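Single-structure report; data block below.
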Amino acid sequence: MAPIAEGMESENRNQIIFDASKRELFNINNGLKTLHRKLRTNWKVLSNKEEITTDRLAAARVFVLGGPREKFTVPEFETIKKYIEGGGSVLVLIGEGGETRFDTNINFLLEQYGISVNNDSVIRTSYYKYFHPKEALVSNGVLNRAISVAAGKSIHTEIDSNNAQALHFVYPFGATLNVIKPATAILSTGSVSFPLNRPVAALYSKKNTKGKLACIASAHMFSDQYIDKEENQKIVDVIFNFLTTDEIVLNSIDADDPEVSDYNMLPDISKLADKVKTCLQESDDIPQDMTSMFESSVFKLDTSLVPKVIR
């Protein structure tokens, strides 16, 4: 099995391969037809239904995992890791429930680059335009000004600040991410969706070999149903532009201090309501004479009424 040459020139890679070996939620024949149609104008788009090997990825510029629903093997993870180290680009899409719902182990790969998918779901706390709460419309979720610029949005704010409202996008049936260095969070849930201000998209790039990784925790965002909603298409274009070129350079100030909140868990109210427990209430001190605690005037037990009953 021929290894990918270290630092292989990107010109030799003219394919975008969508994996279909892990029962992916979406592929180019199911759910990603619109994306496929847009990509094939400039790239040779293929589908991989076999085991992930170095030979399969040798000519790939981008390798897409469109919501894997089976576990990867250790050799497959090693192949993908070597592919990134050799200058390749990987796009990981997943959805609500994370690894638990998708029955995959993709976090094993992502954690090596500072990213992990949470087993949760993003919902919008108030209705606007989209009926389902999990079709979250985010209007202030941009974390890095370079994304706005790459999407063709002009920045009207001060030069030293990011405009979080530059892009509006629908984030349907997605999860949240945990992002640490060397990865960079680029999109968040905003201030209206819950969990509040948590990363939903992250990028990683290796300067030495130009290897790149992008993770979006909502595969539906790229699907035929939602790719043309709001400004989702612009975000998709930015992601693939980042993975296939060196034109997008993330702002270091925004990358070092993104506007994200701590991840707080909330109790499941419906589950707790089914498990009713007695209330623990403080009481007065118990007196030494226990008989003084009985109230005989309210209730008593004796035979004073027996004669009346007999008569």
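Points 7 angstrom from Cα along the Cβ direction at SER297 and VAL149: gap in nanometres?
Each label point is offset 7 Å from its Cα along the Cβ direction, giving 8.5 nm.
Give the dimensionless ratio obtained when the Cα radius of gyration of region 129-266 is divided by 2.2 N^0.38 Å.
That works out to 0.99 for region 129-266.
Report, to the nearest whole %, how much of the accessible area of region 28-116 belongs to carbon and sulfur atoms, 1.4 Å probe, protein only.
45
For the chain, which span is the longest to avoid every loop-located (per DSSP) member of chymotrypsin sites (Phe, Trp or Tyr not before Pro) having at most 10 other Cβ atoms inside 10 Å?
Result for the longest clean stretch: 132-293.
Which sequence of THR245, THR125 reflects their accessible areas, 1.4 Å probe, from the largest down?
The ordering from most to least exposed comes out as THR125, THR245.
Considering the Cα positions of region 11-56, please state its Rg to one decimal place and its Dmax as a whole number of Å.
Reported Rg and Dmax, both Å: 11.0, 30.
Please state the charge dipole magnitude for region 13-62, taken about the Cα centre, from unit charges on C-beta atoms (+1 on K and R, -1 on D and E), reported in debye and rounded to the nearest 20.
Dipole about the Cα centre, nearest 20: 300 debye.
What share of the DSSP beta bridges in the chain is antiparallel, in percent to the nearest 5?
50
Just the number, please: carbon plus sulfur as a percent of the accessible area of region 186-311, 1.4 Å probe, no ligands or DNA/RNA counted.
The computed percentage sits at 55.
Quick check of the Kirkwood formula: for the chain, what is the inverse mean of 1/r over all pairs of different Cα atoms, in Å?
Result for the chain, one decimal place: 22.0 Å.
Over all pairs of distinct alpha carbons, what does the Kirkwood formula give as the hydrodynamic radius of region 175-254, in Å?
That comes to 13.6 Å for region 175-254.
Over the C-alpha atoms of region 39-164, what are the Rg and the largest Cα-to-Cα span, Dmax, in Å?
Gyration radius and largest Cα-Cα distance of region 39-164: 18.1, 50 Å.
Is region 97-189 best put as rounded, prolate or oblate by its Cα gyration tensor, with a ≥ b ≥ c the root eigenvalues, rounded for a/c under 1.5, and otherwise prolate when a/b is larger than b/c, oblate when not?
Since a/c reaches 1.5 but b/c is at least a/b, the shape of region 97-189 is classed as oblate.
How big is the gap, in Å, between the Cα center of region 102-149 and the Cα center of region 22-53?
Each part reduced to its Cα centre gives a spacing of 22 Å.
Which loop GluC sites (Glu not before Pro) in region 183-273, with loop taken from DSSP, have no more than 12 other Cβ atoms within 10 angstrom of their Cβ?
Those satisfying the criteria are GLU247.
Which value does Rg/Rh take for region 214-262 over its C-alpha atoms, Rh per Kirkwood?
Taking Rh as the inverse mean 1/r over Cα pairs, Rg/Rh reads 1.03.
Normalised radius of gyration for region 246-291, please: alpha carbon Rg relative to 2.2 N^0.38 Å, two decimal places.
So region 246-291 has a normalised radius of gyration of 2.87.
Hull surface divided by four, with the convex hull built on the Cα atoms of region 28-84: how many nm²?
4.3
Does region 188-311 come out rounded, prolate or oblate by the C-alpha gyration tensor, with a ≥ b ≥ c the root eigenvalues, rounded set by a/c under 1.5 and, if not, prolate when a/b is larger than b/c and oblate if not?
Prolate, since a/c reaches 1.5 and a/b exceeds b/c.
Relative to the Cα centre, what is the charge dipole magnitude of the chain, using +1 at the beta carbon of each Lys and Arg, -1 at the beta carbon of each Asp and Glu, and rounding to the nearest 20 debye?
That gives the chain a dipole magnitude of about 1160 debye.
Using +1 on the beta carbon of Lys and Arg, -1 on that of Asp and Glu, and nothing else charged, what's the dipole of region 14-130 about the Cα centre, debye to 20?
720
Please give the helix 232-244 orientation as an angle from the longest Cα principal axis of the chain, in degrees from 0 to 90, rounded to the nearest 10.
That works out to roughly 50 degrees.
GluC sites (Glu not before Pro) within region 19-116: which are DSSP loop residues with at most 16 other Cβ atoms inside 10 Å?
Hits after loop and neighbour filter: GLU50, GLU51, GLU70.
Just the accessible area per residue of the chain, please: how many Å² with a 1.4 Å probe?
With the other protein chains kept in place, the chain gives 56 Å² per residue.
Which of the trypsin sites (Lys or Arg not before Pro) across region 186-279 are loop residues per DSSP, with 13 or fewer other Cβ within 10 Å?
LYS207, LYS275, LYS277
What list of ³J(HN,Hα) values in whole Hz, one per residue of region 191-205 in order, does the Karplus curve 6.51 cos²θ - 1.76 cosθ + 1.60 (θ = phi - 60°) give from phi, with Gly and Pro shown as x?
Result, ordered by residue: 9, 9, 7, 10, x, 7, 6, 10, x, 10, 8, 9, 10, 9, 9 Hz.
Place a point 7 Å from Cα of LEU196 in the direction of its Cβ. Which residues in region 257-272 have their backbone N less than 15 Å from it?
259-267
The values are calculated or read from the model by the stated rules, or taken from the named source; none is laboratory data. From a predicted model like this one, the values you see are computed outputs, not experimental measurements. Ideal geometry is used to build each Cβ from the backbone, glycine not excepted, and the neighbour counts take in all protein chains shown. SASA here: full protein model, heavy atoms, side chains in, ligands and nucleic acids out. Shrake-Rupley method; radii C 1.70, N 1.55, O 1.52, S 1.80 Å.
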